[in-house]
Amino acid sequence: NGIMTHNYFGQEYLINNLTLGWDATARARFSLTYRIANRNIGQGVTHNAALAETDPVSGKVTINENAGVFNTFLRPTHKWDVNGSVEVGYDDNAFTPVSPRQFQQYRFHTLYRASSIATFTGSFSDRERHNNTSNIPAEAFQPGSNQITNYGIPIDHVDQSRIGSVGVVLPPM
């Protein structure tokens, strides 16, 4: 007879956004959003009772996020559209060492209608995520003994993604 453990893994998100928009002119619009989020990740035997802290795969991780997003839409001429956004945020915790605690994303898109026979497009996106903290103090079980020791490892995780594209549309005549 084997003992079967049924563990629960669940997540709860609560996200609030506050956005202020401004139509400066018919050709320029701006918005600023403040985001506050709370994420609770629970793992344990049941989801309708307190998690048993004695279970080695049980517990709860809480992550609080604060972020800001700035968006803009510009139409310099009736043939040219430009829009972009900047998003910057910070989390006070991370579920895994490669989960970001600081993040930044920049996006830029443009479209130019040169004539009825040609449209030019371009876009650029830059995303950077960082977790440059240490996981101190943490507890680690030493195999072969019954001792738990504190350890700390600097994480220094950084990842980036940069994507650019250009395009031309030439409809058939």
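Counting 0.36 nm for each residue step from Asp23 to Asp126 and taking away their Cα separation leaves a gain of 34.5 nm. Couplings 3J(HN,Hα) of the stretch 104-120, computed from phi: 9, 9, 10, 10, 9, 9, 9, 9, 10, 8, 5, 6, 6, 10, 8, 10, 10 Hz, in residue order, whole Hz [Karplus 6.51 cos²θ - 1.76 cosθ + 1.60, θ = phi - 60°; x for Gly and Pro]. Modelled label positions at Ser161 and Gln102, each set 7 Å beyond Cα in the direction of Cβ, lie 2.1 nm from each other. Taking all protein chains together and a 1.4 Å probe, the residues His130, His109 rank His109, His130 from largest to smallest accessible area.
Each of Trp80, Trp22 has its accessible area taken with a 1.4 Å probe; listed largest first, they run Trp22, Trp80. For the set Thr77, Thr19, the ranking by accessible area, highest first and with no ligand, DNA or RNA atoms included, is Thr19, Thr77 under a 1.4 Å probe. Database remark: amide H of Ile155 closer than 5 angstrom to the amide H of Thr133, Ser134, Asn135 (H placed geometrically; neighbours at sequence offset of 5 or more, or on other chains; Pro and chain starts carry no H).
Evaluating 6.51 cos²θ - 1.76 cosθ + 1.60 at θ = phi - 60° for every residue in the stretch 11-18, the Karplus couplings come out as 10, 10, 10, 9, 10, 10, 10, 10 Hz, glycine and proline recorded as x. Evaluate E = 1/(1 + (r/R0)^6) for Thr33 and Ala118, where r is the Cβ-Cβ distance and R0 equals 45 Å; express this FRET efficiency to the nearest 0.05. Efficiency for this residue pair is about 0.80.
Taken one residue at a time, the phi angles of the stretch 65-82 give Karplus couplings (6.51, -1.76, 1.60, θ = phi - 60°) of 10, 10, 8, x, 10, 10, 10, 9, 10, 10, 10, x, 9, 5, 9, 10, 10, 9 Hz. Gly and Pro are set to x.
The figure for Tyr90 is an accessible area of roughly 100 square angstrom, using a 1.4 Å probe on the protein chains alone.
The values are calculated or read from the model by the stated rules, or taken from the named source; none is laboratory data. This structure is a prediction, so every number in the text was calculated from the model and none was measured. When we count neighbours, we look across all protein chains shown, and the Cβ atoms used for this are built from the backbone with ideal geometry, even at glycine. Note: accessible area is taken over every heavy atom of the protein model, side chains too, but ligands, DNA and RNA are not part of it. Shrake-Rupley method; radii C 1.70, N 1.55, O 1.52, S 1.80 Å.
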